[in-house]
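Below: the structure, in structure tokens.
The values are calculated or read from the model by the stated rules, or taken from the named source; none is laboratory data. Because the structure is predicted, anything quoted here is derived from the model rather than measured. Neighbour counts run over all protein chains shown; Cβ positions are idealised from the backbone, glycine included.
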Amino acid sequence: MNISALQTARYAYKPKTPPLLAKPVASIKAEPGPATRAETDHQELAAIFPHTYGRPIVTFKAGKNPSVSQKINVGVILSGGQAPGGHNVIAGLFDGIKKGHPESKLYGFLGGPSGIIGDRAVEITAKTMDAYRNTGGFDIIGSGRTKIETPEQFEKTLATAKKRRLRAVVVIGGDDSNTNAALLAEFFASRGSDIQVIGVPKTIDGDLKNDYIETSFGFDTAVKTYSELIGNIARDANSAKKYWHFIKLMGRAASHICLECALQTRPNIALISEEVEKKGQTLGEVIDQICDGVAARAARGLNYGIVLVPEGLVEFIPEMKKLISGLSDLMAHKAGEFSGLSSPEAQFDFVARHLSADSAEFFGTLPRDFRLQLLMDRDPHGNVQVSRIETEKLLVRMTEEKLEKMKARGAFTGVFDTQTHFLGYEGRSAFPTNFDADYCYSLGFTAFLLIAGGVTGYISSVRNLARPAKEWIAGGIPLTMMMNMEQRHGSRKPVIKKALVDLEGKPFREFAAKRKTWAVETSFLYPGAIQYFGPDEVCNQPTKTIVLEAGGRRVGAGAAGRKKTAAGGGKTGGVKSAAGRSPSPRGASAGKKPAAKG
């Protein structure tokens, strides 16, 4: 294998962990807390999860745990899209298992959940693991988006686990994948099996979090990768002084990436989907907002700037959301008729005849190429694939048209030349930051401790992340306490509730307090490349989101003697313990129904 000098150096990096995780594993004991319950839909969830609902929160403390030293087999699955740090989750899990008993085995199921359904796996050895430590990607075993959802798939999964004599299955994934993990844990228990299922919180989108999951892994690396690129583009814009750059960022169901990148780089305009929806802004009003910013800078002789656009923006604009919902229903029920149409014009006419009058009228106002994207890009369920919609180009086209009208009446005298960008895959498999390398290793090791603690249907939790790793708190929470019931494909389903940007939270309020200045002044920040070596303030800082949610003061890894930051934070009101504590999905907007994920 050809490897770079950086990769060689990263192999040698030793992740920082909470001190307890460095102790002999037989001296670490799982400590259960109070019973738990979800914030809503208690009776429905308890009925769906009779064997796993209401379990207690688990933390770890010093104490004897002889079962840790048993020889065991464990399976691990990477599920869904890539996120930096996945290899280190597996490394932490592997090292924990081997510290428990050197002959214990870790099996990696190939290609995601389909690997355990079809019993395709490889044993992860020390030699294999050492070739992937602290590196990006999921290529050690690959990933996939198969869901274990049919009775036959559940039975095959159990058969595989029994055949390989697994003590536990660890599912590394996002909200949908961990919902699947909860259902799998319940299924195993319902069949009288003691095989455990443990989840690990992964998604660069940042929408899998609450007071116990302060961030999902990969978010830190992704936003810093994107922020470097945005900073590079901003520096170029400030040098050439002739382009407005519209940059679309990943994040379909929530705008955490866009918000964090705005805090990191200070763009002229950053659209936050949750705010657009709360204000009930039309597409025209979003365009007005952009045009006002462009005109204000042009009045100062500044015909350039940066606009950040969240990937899922169109689903938060009420009229667009209604249109997309109507198209999804139409394509799901009349796919055969639609597929027989031979020309775009025939398709447009078909849609206009079957949509509601207001949606049909709105559809007709959209640029032709955008209408084609709405019609052509559908998943197997008939849903529009928003990630393939070139929202940034739509905004540019409509802004150009509006500025031309403004110029005709003398309201705009500048020049509007543009470039468009989509930053997505660039951040999903990057070399993990020190933070993600440390955090992921701790999550993986904690997953082993949860297995040793005998629990099932839990997700690995490492908290107090605004502080140095030596002050992190490892534990686990029941997956069911993160759930609610949502309408999915015509029926109510249990799903982990997505955490949206909290418009009352400190990160958004920090952004909102500064954006008027950033809109007209050139205030760009240039974060530069991710650093792995050097002082703490350069290479060991968490995201601004984590710092602001925890009290607002950054603290480095070598922070002895410095003023401490309050840990925890975040609004409460989401998942609840029976004792009355109610730690919400951090950032969930009040009254906002989480977006469904297909």
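Selection over region 510-539 of residues that are of a type in the set (Phe, Trp, Tyr) and in a loop (DSSP other than H, G, I, E, B) gives a count of 4. In region 95-115, the qualifying residues are those that are within 17 Å of LYS202 (Cβ to Cβ) and either of a type in the set (A, V, I, L, M, F, W, C) or without any contact (Cβ under 8 Å) to a residue 60 or more places away in the chain (or both), and the one that is surrounded by the fewest Cβ atoms within 10 Å (Cβ to Cβ) is GLY111. When the residues of region 382-439 are filtered to those that are in a loop (DSSP other than H, G, I, E, B) and of a type in the set (Val, Ile, Thr), the one that is farthest from the chain's Cα centre (by Cα) is THR413.
Considering only residues that are part of a loop (DSSP other than H, G, I, E, B) and polar (S, T, N, Q), look in region 277-293 and name the one that is nearest to THR399 (Cα to Cα). The residue in question is THR282. Check region 489-509 and report whether any residue there is farther than 30 Å from ASP292 by Cβ, among the hydroxyl-bearing types (Ser, Thr, Tyr) and either part of a loop (DSSP other than H, G, I, E, B) or not assigned by TED's automatic domain parsing to the domain that holds PRO34 (or both). No.
The residues listed here are ASP236, ASP211, ASP205, ASP220; of these, the one that is modelled with pLDDT under 95 and not polar (S, T, N, Q) is ASP211.
Quick one: would you say VAL197 is modelled with pLDDT of 95 or more, assigned by TED's automatic domain parsing to the domain that holds SER442 and closer than 23 Å to ALA222 by Cβ? Judged against the criteria, VAL197 is not a match. When VAL351 is tested against (1) in contact with a strand residue (DSSP E or B) (Cβ under 9 Å, 6 or more places away or on another chain); (2) modelled with pLDDT of 90 or more; (3) part of a helix (DSSP H, G or I), only condition (1) is not met. Here the condition is being out of contact with any helix residue (DSSP H, G or I) (no Cβ under 8 Å at 6 or more places or on another chain), among the β-branched types (Val, Ile, Thr) and under 28 Å from GLY528 (Cβ atoms); of ILE233, ILE269, it holds for ILE233 alone.
Just one of the numbered conditions (1) touching an Asp or Glu at 6+ places or on another chain (Cβ under 8 Å); (2) closer than 30 Å to GLN70 by Cβ is not true of ALA447: (1). If you filter region 354-371 down to residues that are part of a helix (DSSP H, G or I) and of a type in the set (Gly, Ala, Ser), you find that the one that is farthest from GLY326 (Cα to Cα) is GLY364.
When you scan region 224-237, do you find a residue that is surrounded by 24 or more Cβ atoms within 10 Å (Cβ to Cβ), part of a helix (DSSP H, G or I), assigned by TED's automatic domain parsing to the domain that holds PRO84 and among the aliphatic types (A, V, I, L, M), even just one? The answer is no; no qualifying residue exists. Of the residues making up region 10-42, those that are within 30 Å of MET485 (Cβ to Cβ) and either hydrophobic (A, V, I, L, M, F, W, C) or without any contact (Cβ under 8 Å) to a residue 60 or more places away in the chain (or both) are ALA30, PRO32, ALA35, ALA38, HIS42.
Yes or no, residue by residue, for (1) more than 25 Å from the chain's Cα centre (by Cα); (2) in contact (Cβ under 8 Å) with a residue 60 or more places away in the chain:
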site	(1), (2)
THR150	yes, no
ALA159	yes, no
ARG165	yes, yes
LEU208	no, yes
THR221	no, yes
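Results for (1) modelled with pLDDT of 95 or more; (2) within 26 Å of the chain's Cα centre (by Cα), shown as yes or no for each residue.
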position: PRO15; (1), (2): yes, yes
position: PRO19; (1), (2): yes, no
position: ALA35; (1), (2): no, no
position: GLU39; (1), (2): no, yes
position: GLN43; (1), (2): yes, no
position: HIS51; (1), (2): yes, no
position: ARG55; (1), (2): yes, yes
position: ASN65; (1), (2): no, no
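Residues considered: ARG397, ARG388, ARG428. Of these, the only one that is at pLDDT below 95 and either in contact with a helix residue (DSSP H, G or I) (Cβ under 9 Å, 6 or more places away or on another chain) or closer than 28 Å to ALA254 by Cα (or both) is ARG388.
I'd like to check something: does region 198-217 contain any residue that is under 29 Å from PHE445 (Cα atoms) and part of a helix (DSSP H, G or I)? The answer is no, given that none of the residues of region 198-217 is under 29 Å from PHE445 (Cα atoms) and part of a helix (DSSP H, G or I). Counted as qualifying within region 3-120 are the strands (runs of 3 or more DSSP E) with 2 or more residues that are in contact with an Asp or Glu (Cβ under 8 Å, 6 or more places away or on another chain) and among the β-branched types (Val, Ile, Thr), namely 58-62.
Among the residues of region 300-321, which ones are aliphatic (A, V, I, L, M), closer than 21 Å to SER523 by Cα and surrounded by 21 or more Cβ atoms within 10 Å (Cβ to Cβ)?
ILE306, VAL307, LEU308, VAL309
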